[in-house]
Ligand SMILES: *Cc1c(COP(=O)(O)O)cnc(C)c1O
């Protein structure tokens, strides 16, 4: 066809291309468990590989796809690997992969409802049904899909500021007459610090509240801090509770936080980016007790719902919050939805053009159902329990307390078994062996630990035992070295 260049490929080439894409996806899905979990890092090699395919001598489409698939496979920490015990990155659902391809092909512009009412209504249905799982009234809940939890948390900050400092929407924060401060535990997510800076509060607008011995926000310290800030003329406008901390999977006392926020007239946000999935399993729901009292919730479908990245969700029980915060009027957006009882999605989001994120959740749910998801979440929770049992049996000491499958632990056999450098060396040994991937973390600002999380619905008992065996080997190797040389042991 004239004028399309190679942007639209002819039908028979498309056929070959789709087969190459499907082949690459299927081979990866089928074979990932047989690969090393993490590659050996080689910055110069990675750059050379990225530059190896030249743009002045174009390749055949299927050849280009194969080049990329091979590079991804060789360079990747295989987050979909059943022995990736990592950072909440899932093995993507099959339906989620299909959904992302469909969303790319139809490419609906869901800034405006009228550009694809079906897509917009799919997302709103998910907002209502997932909102109901958290205990929100489906007739009143509102929400919007986001790039991820960081954007959802940023959205929460904006909604809270808008409610407590409405004048700031015209005058800016400086003209609003208040000194806004927000509260989040030291175990909370760093996206709040970014969001505070992006909202003009600066790092000093955020109070990092200490955690208690169970790594939950210390309510006494929180109340003291609030009283101190009030006396200084500051206005507490946002209180954040975490529903499953990133480091230790711990849930803050949400009921108590809800009560304090109410007394203070502050917005109460629960960041349940990962742990929110407990709401989908009836017997786990109580882990999140009090979340229904939150003014808003962050929930990431690309974490425990296992859809491909990125799929964040911001939910609120206040229908006026998002339009109040984000609505703008301008001449170029279509007005076709005027006259219907519709708020255009662009008036509820910091994004304009927005990918059809909800489709991967919708299609995954269409095939797995709520029951299928509940089964997957139960399975991963059981694998977390097995991991705790096996670790204890082999004298690893667990240092966090959560029913969710995030396990933080140290070596209980040696005095230096909780030393940061020692733990990093053990971790590096496991990762460089290619047998499993895990990480280290710092809890409560003082406790160093190894961290292993069940993030994959394919992780089974044999994978858990393989991790234990890799850890035991790393421990044995580390103890053969003089303690001054543990760092060397990592290499
Ligand atoms: C992962 C995570 C986030 C950030 O979410 P992204 O989707 O990575 O932007 C925020 N809060 C918590 C508690 C998280 O675990």
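Miscellaneous remarks
- Answer residue from segment 174-189, given it is part of a helix (DSSP H, G or I) and surrounded by fewer than 18 Cβ atoms within 10 Å (Cβ to Cβ) and is modelled with the highest pLDDT among those: 174
- Taken over segment 388-416, the criterion of being more than 21 Å from residue 243 (Cβ to Cβ), touching a strand residue (DSSP E or B) at 6+ places or on another chain (Cβ under 9 Å) and either touching a residue at least 24 places away in the same chain (Cβ under 8 Å) or crowded, with 20+ Cβ neighbours inside 10 Å (or both) is satisfied by 390, 391, 396, 409, 410, 411, 413.
- Scanning segment 267-312 for residues that are within 9 Å of the ligand (Cβ to nearest atom) and farther than 30 Å from residue 235 by Cβ yields 274, 302, 303, 309, 310, 311.
- Selection status of residue 322, modelled with pLDDT of 95 or more, more than 21 Å from residue 184 (Cβ to Cβ), more than 16 Å from the ligand (Cβ to nearest atom) and surrounded by 24 or more Cβ atoms within 10 Å (Cβ to Cβ): yes
- Test result for residue 470, at pLDDT 95 or above and either farther than 29 Å from residue 208 by Cα or surrounded by fewer than 19 Cβ atoms within 10 Å (Cβ to Cβ) (or both): yes
- Residues of segment 204-231 that are touching a residue at least 40 places away in the same chain (Cβ under 8 Å) and closer than 11 Å to residue 181 by Cβ: 225, 226, 229.
- Residue 196 more than 16 Å from the ligand (Cβ to nearest atom), within 27 Å of the chain's Cα centre (by Cα) and under 25 Å from residue 87 (Cα atoms): no
- When 131, 86 are checked against the criterion of being assigned to a loop (DSSP other than H, G, I, E, B) and in contact with a strand residue (DSSP E or B) (Cβ under 6 Å, 6 or more places away or on another chain), a single residue qualifies: 86.
- Sub-6 Å Cβ pairs linking a first residue in segment 241-253 that is at positive phi and touching a residue at least 60 places away in the same chain (Cβ under 8 Å) to a second residue that is outside any strand (DSSP E or B) and more than 9 Å from the ligand (Cβ to nearest atom), at least 6 apart or interchain, are 244/404; 249/402; 249/404, ordered by first then second residue.
The values are calculated or read from the model by the stated rules, or taken from the named source; none is laboratory data. Quick caveat: nothing in here was measured; it's all calculated off a predicted structure. Counting neighbours? That spans all protein chains shown, and the Cβs are built from the backbone with ideal geometry, glycine included.
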